[in-house]
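Have a look at the structure below before the remarks.
The values are calculated or read from the model by the stated rules, or taken from the named source; none is laboratory data. These numbers were taken from a predicted model, which means no experiment stands behind them. All Cβ positions, glycine included, derive from the backbone under ideal geometry; neighbour counts span all protein chains shown.
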Amino acid sequence: MLGLLGALPLGSVGGLPGLRVNQLAPAGRRGTFDLAIDARIREIIHRPVFQGSRWGMKFSSLSTGEDLYSMNTEQLFVAGSSFKIFPAGTAFSTLGGGHRFRTRVYRTGPVARGVLKGDLVLVAGGDLLLGGRIQRDGTLSLPDPDHTYNAKPLAGDPLRTLRGLAGQVRAQGIRRVEGGVLVDASLFRQGLEDIFSDGIKAAVSPMMINDNVVDVSVRPGARVGAPGLVRLSPDVGYVQIANEVTTIAADGAAAARRLTFTDDVANPDGTRQVRLAGDVILGGQERFISYHVPEPTRFAEFAFTIALEDAGIGVDAATGRDRPMAHDTTRDLVAQHISPPLSEEVKVMLKVSSNVHTVHFPYLVGAIAGEDARNAKQRGEELQSRLFQQAGLDPNPPGASDVRYTPDFFLGFLRHMARQRYFRHFYRALPIMGKDGTLADIQVDSPAAGHVYAKTGTAGAPSPDTGEPLIAKALAGYIELPDGSRTAFAAFMEQQAASPDLLTAAGQALGEIATAVYEETSQS
């Protein structure tokens, strides 16, 4: 799947120049290593499938500071989602790995004989894990692909956190709410951000339930021509879908229309109405599409009302649309949910590369660490630039607006992170090659499996020079050697090509290169 960078414009990439590699050392132990690693890397990048590609990479020992291998280190490359280490690092540096987000519920009136004479106010604290992602053993559900990428819904109850809050409300003796349910999302102003290259946008809000996604599952009907069978999760009454999905014969699979939402409109009561069109194959597999809710606070009002009612708490008034928020001093706390630490929160962005989570982090950092609710995103970006300065890097590097960076820039950042007190948390939140996240199926049986902690990147867009498809792959992070030392690295590939098979080949090739460095460094 394309990462966040598939949604962003590519600057002029220029041609696809030849390789410029490091100068090899004289013969000897060190020289033998250089020759061996150079030969292995050249064998990989010169394969026919990569003809015409451009590569850049750098590998440096963290213990000695020595550059082990380099190639085109000053050239700009499309970073794809590998750039997500920057907002993650900014969150760690400003909030700390142990930071926890608090979601609170207040009542605005007294309780008499189980009846609340007022409203319940759900106050958003910026927790991105409200939903079913936290499993019963405390670990996170991190499937790849993630459900925010039109994939299978998470296994957990998407209202689990809200049900826990509703249970606390009931424990306070409240059985009926004369008022309604309101959501206070004043932590920062809601934004709207691109998350995919096809124009899909995400509302950015301090209130997030189920990643602010309604998971829509579609199964084929009983016969050709029958409507698809549509199911929503969570189905809280927020969105109604006009089902225009058609079941088609298997021999028409090549021409099947993809599932698409159109004509999304708001109803007077704050609910949404949207059309879903596309094809499903008779006897075929269930298909999935993610509906990204445009009004997270409204969605949360519906969802929390359902959770309260399921807990035996009646809500008399309609939910809070067009009703004033109670900002008096009579609020009393009746429930609270405390999130896992930030070191866990960032895993959805890093392990499974969720674009939805990524676009939230500058706002969260700007609002909480930067204390700027009005201009949270801008303040968050300023704090990221400050982190670059602390690392000795250009705070506004050339190419960053197109998410293009040099291997040198990435190495400078990775070295800086390795010197910080929160490095252990940052390191463990990265995908592990051959084990989990977006690296789970890369070099599974290689000696380096389980020893490469790195962020993947994938991007695709028309080349500004030829108009032909340009794809990019990236991998940046750390290699853990048998003696406990680490090598920081960043590796990039770009090629003008239309075949999606190249993405898979390039991903495995970057893993092979990391494996080659792991093996040769372990022996040197």
So which of Gly460, Gly450 ends up being over 16 Å from Ile44 (Cβ atoms), free of Cβ contacts under 8 Å to residues at least 24 places away in the same chain and either assigned by TED's automatic domain parsing to the domain that holds Arg415 or within 22 Å of the chain's Cα centre (by Cα) (or both)?
Gly450
Please specify each residue of segment 394-415 satisfying the condition of being surrounded by fewer than 21 Cβ atoms within 10 Å (Cβ to Cβ), touching a residue at least 40 places away in the same chain (Cβ under 8 Å) and within 21 Å of Ser60 (Cα to Cα).
Asp408, Arg415
Which condition number in (1) outside any strand (DSSP E or B); (2) in contact with a Phe, Trp or Tyr (Cβ under 8 Å, 6 or more places away or on another chain); (3) among the β-branched types (Val, Ile, Thr) is the one that Thr487 fails?
(1)
Quick one: count up the residues across segment 128-153 that are over 14 Å from the mean Cα position of the chain (by Cα) and either free of Cβ contacts under 8 Å to residues at least 60 places away in the same chain or closer than 24 Å to Gln190 by Cβ (or both).
7
Answer from Gly460, Gly484, Gly467 - the residue that is surrounded by fewer than 14 Cβ atoms within 10 Å (Cβ to Cβ) and within 23 Å of Asp198 (Cβ to Cβ):
Gly467
Residue selected from segment 373-393 under the condition basic (Lys, Arg) and over 21 Å from the mean Cα position of the chain (by Cα), by the criterion surrounded by the fewest Cβ atoms within 10 Å (Cβ to Cβ):
Arg374
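Which one of Gly156, Gly98 is surrounded by fewer than 21 Cβ atoms within 10 Å (Cβ to Cβ), touching a strand residue (DSSP E or B) at 6+ places or on another chain (Cβ under 8 Å) and among the small types (Gly, Ala, Ser)?
Gly156
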Go through segment 242-277 and report how many residues are surrounded by 15 or more Cβ atoms within 10 Å (Cβ to Cβ), under 26 Å from the mean Cα position of the chain (by Cα) and part of a loop (DSSP other than H, G, I, E, B).
1
I'd like the residue in segment 158-180 that is touching a helix residue (DSSP H, G or I) at 6+ places or on another chain (Cβ under 7 Å) and not aliphatic (A, V, I, L, M) and, out of all such residues, is nearest to Gly437 (Cα to Cα).
Pro158
Just to be sure I understand, how many residues within segment 194-249 are at negative phi and modelled with pLDDT under 95?
7
Name the pairs: first residue in segment 94-113 and closer than 22 Å to Gln420 by Cα and assigned by TED's automatic domain parsing to the domain that holds Arg428, second residue of a type in the set (Lys, Arg) and in a loop (DSSP other than H, G, I, E, B), Cβ to Cβ under 8 Å, at least 6 apart or on different chains?
none
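Of all residues in segment 226-241, count the ones that are part of a strand (DSSP E or B) and among the hydroxyl-bearing types (Ser, Thr, Tyr). Spell out how you get there, then give the answer.
Start the filter on segment 226-241 by keeping residues that are part of a strand (DSSP E or B), which leaves 227, 229-233, 239-241.
Imposing the further condition that a residue be among the hydroxyl-bearing types (Ser, Thr, Tyr) reduces the set to 233.
Of the residues in segment 226-241, 1 are part of a strand (DSSP E or B) and among the hydroxyl-bearing types (Ser, Thr, Tyr).
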Can you run down the residue pairs with Cβ atoms below 7 Å, 6 or more apart or on separate chains, where the first is in segment 212-237 and in contact (Cβ under 8 Å) with a residue 40 or more places away in the chain and the partner is acidic (Asp, Glu)?
Ser217/Glu286; Val218/Glu286; Arg219/Glu286; Ser233/Asp215
Run Ala516 past the list (1) surrounded by 16 or more Cβ atoms within 10 Å (Cβ to Cβ); (2) in contact (Cβ under 8 Å) with a residue 40 or more places away in the chain; (3) in contact with a strand residue (DSSP E or B) (Cβ under 9 Å, 6 or more places away or on another chain) and report the number of the one that doesn't hold.
(3)
Considering each residue of segment 209-229, count those that are crowded, with 17+ Cβ neighbours inside 10 Å and of a type outside the set (Gly, Ala, Ser), and give that number.
10
Can you list residue pairs whose Cβ atoms sit under 7 Å apart, with the first residue in segment 334-363 being under 14 Å from Ile134 (Cβ atoms) and the second being charged (D, E, K, R) and not in a loop (DSSP other than H, G, I, E, B)? Count only pairs 6 or more apart in sequence or on different chains.
Ile338/Arg102; Ser339/Glu345
Quick check on my filter: what residues within segment 73-87 are in contact with a strand residue (DSSP E or B) (Cβ under 7 Å, 6 or more places away or on another chain) and not hydrophobic (A, V, I, L, M, F, W, C)?
Thr73, Gln75, Gly80, Ser81, Ser82, Lys84
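Among the residues of segment 197-208, how many are surrounded by 24 or more Cβ atoms within 10 Å (Cβ to Cβ) and in a loop (DSSP other than H, G, I, E, B)?
The total comes to 4.
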